[in-house]
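A quick write-up on the structure given underneath.
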Amino acid sequence: MDAKLIFNELTQKYESDQARVGTTNPFVTESAAQTLTNKTLTTPVISGAVAASLTSPVITGASTTGVSVTKTVAFVEDATTLTYTGTIPIPAGSIIHDVVFTTSVLWTDSSAAVTVGDTGTATGWFTSTNLAATDLVVGEVLSAKGGIQTWGGKNGAFLVSVTGRMGSAAAGNGGMYYGVADSIIAVVTVSTPSGTAGRSFLSVTYSVGEAIAAVKV
């Protein structure tokens with residue numbers, strides 16, 4: 001067969017194929033709407049009102065806005081430690097949703113006790129609370145947002161039902177709003193370490209709100 005004729009036939013076939021499947025990919029037909037099943041998306045960018053880039057996101061609260069974050073410190077009794085300190089950092093601009101302290105197993109030492117506060121006021125949230133007996137038995141909880149029903153009479157200066165106070169009044173702060181970076185701190189003290197049964201937990205839930213400017217007129 002004449003070489004020129006063969007070349008013309010192949011050229012026509014290629015052009016026909018291009019017209020049939022599209023010029024973007026000569027081997028795959030693309031439609032306006034597709035369903036992706038079990039596909040792997042690497043570094044996807046989602047476009048909407050505000051483009052959001054999702055690349056292995058890690059939500060820490062310090063760098064993510066509008067998402068509630070809960071962090072928990074476990075206190076595990078041993079037979080040697082006198083002081084256990086649990087510290088949960090709070091980013092500037094945070095709203096505290098709750099400060100919770102609870103126990104799943106009573107502590108062995110009869111004098112084991114906890115205080116909960118921040119860097120400015122060690123007992124701001126809750127004053128000294130016995131962890132071995134009546135103050136906080138299994139099933140009970142100290143909760144800042146629970147009102148006097150869950151303060152157990154151990155509420156510190158940050159929690160005052162008569163005035164409605166709830167939270168810090170230090171410079172830059174206002175109630176449950178921490179305008180200045182801080183930490184919620186629980187300290188468990190034991191006078192005579194002797195057992196390993198005690199199990200208690202400090203949990204703090206907070207969020208850094210998405211900043212929205214006020215309209216000025």
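Would you be able to tell me the number of residues in segment 108-135 that are within 26 Å of the chain's Cα centre (by Cα) and either more than 25 Å from H97 (Cβ to Cβ) or not in a loop (DSSP other than H, G, I, E, B) (or both)?
Taking segment 108-135 as the starting set, the residues that turn out to be within 26 Å of the chain's Cα centre (by Cα) are 114-127.
Still in the running and either more than 25 Å from H97 (Cβ to Cβ) or not in a loop (DSSP other than H, G, I, E, B) (or both): 114-118, 126-127.
Residues flagged as within 26 Å of the chain's Cα centre (by Cα) and either more than 25 Å from H97 (Cβ to Cβ) or not in a loop (DSSP other than H, G, I, E, B) (or both) within segment 108-135 amount to 7.
Report yes if S203 is assigned to a loop (DSSP other than H, G, I, E, B) and either out of contact with any strand residue (DSSP E or B) (no Cβ under 8 Å at 6 or more places or on another chain) or modelled with pLDDT of 95 or more (or both), otherwise no.
no
If we keep just the residues of segment 67-88 that are crowded, with 16+ Cβ neighbours inside 10 Å and at pLDDT 95 or above, which is farthest from S203 (Cα to Cα)?
Across segment 67-88, the extreme among qualifying residues is E77.
Does I184 satisfy the criteria of being out of contact with any Gly (no Cβ under 7 Å at 6 or more places or on another chain), of a type outside the set (S, T, N, Q) and either surrounded by 19 or more Cβ atoms within 10 Å (Cβ to Cβ) or assigned to a strand (DSSP E or B) (or both)? Before the answer, list the steps.
Numbers: out of contact with any Gly (no Cβ under 7 Å at 6 or more places or on another chain): yes; of a type outside the set (S, T, N, Q): yes; either surrounded by 19 or more Cβ atoms within 10 Å (Cβ to Cβ) or assigned to a strand (DSSP E or B) (or both): yes.
Answer is yes for this residue.
Going through G147, G174 one at a time, which residue ends up being in a helix (DSSP H, G or I) and out of contact with any Cys (no Cβ under 6 Å at 6 or more places or on another chain)?
G147
Looking at segment 141-164, which of the residues that are of a type outside the set (A, V, I, L, M, F, W, C) and in contact with a strand residue (DSSP E or B) (Cβ under 7 Å, 6 or more places away or on another chain) is surrounded by the most Cβ atoms within 10 Å (Cβ to Cβ)?
N155
Can you report the number of residues in segment 206-217 which are assigned to a loop (DSSP other than H, G, I, E, B) and either surrounded by 12 or more Cβ atoms within 10 Å (Cβ to Cβ) or on the phi > 0 side of the Ramachandran plot (or both)?
Of the residues in that region, 1 qualify.
Of everything in segment 103-118 that's surrounded by fewer than 17 Cβ atoms within 10 Å (Cβ to Cβ) and among the polar types (S, T, N, Q), which residue is modelled with the highest pLDDT? Lay out the reasoning, then the answer.
Narrowing segment 103-118 to residues surrounded by fewer than 17 Cβ atoms within 10 Å (Cβ to Cβ): 104-105, 110-111.
If we keep only those that are among the polar types (S, T, N, Q) too, we end up with 104, 110-111.
Working: S104: 98, S110: 94, S111: 94.
Looking at residues that are surrounded by fewer than 17 Cβ atoms within 10 Å (Cβ to Cβ) and among the polar types (S, T, N, Q), I get S104.
Given the structure, is V138 modelled with pLDDT of 95 or more and either closer than 19 Å to S68 by Cα or in a strand (DSSP E or B) (or both)?
No: the conditions fail for V138.
Would you pick out the residues in segment 132-174 that are more than 22 Å from Y206 (Cα to Cα) and out of contact with any Ser or Thr (no Cβ under 8 Å at 6 or more places or on another chain)?
The answer is T134, G139, G153, V162, T163.
Just checking, how many residues over segment 113-158 are in contact with a Gly (Cβ under 7 Å, 6 or more places away or on another chain) and without any contact (Cβ under 8 Å) to a residue 24 or more places away in the chain?
The qualifying residues number 1.
The values are calculated or read from the model by the stated rules, or taken from the named source; none is laboratory data. If you're wondering where the values come from, they're calculated on a predicted model, not measured in any experiment. Please note: Cβ atoms are built from the backbone with ideal geometry, for glycine as well, and neighbour counts cover all protein chains shown.
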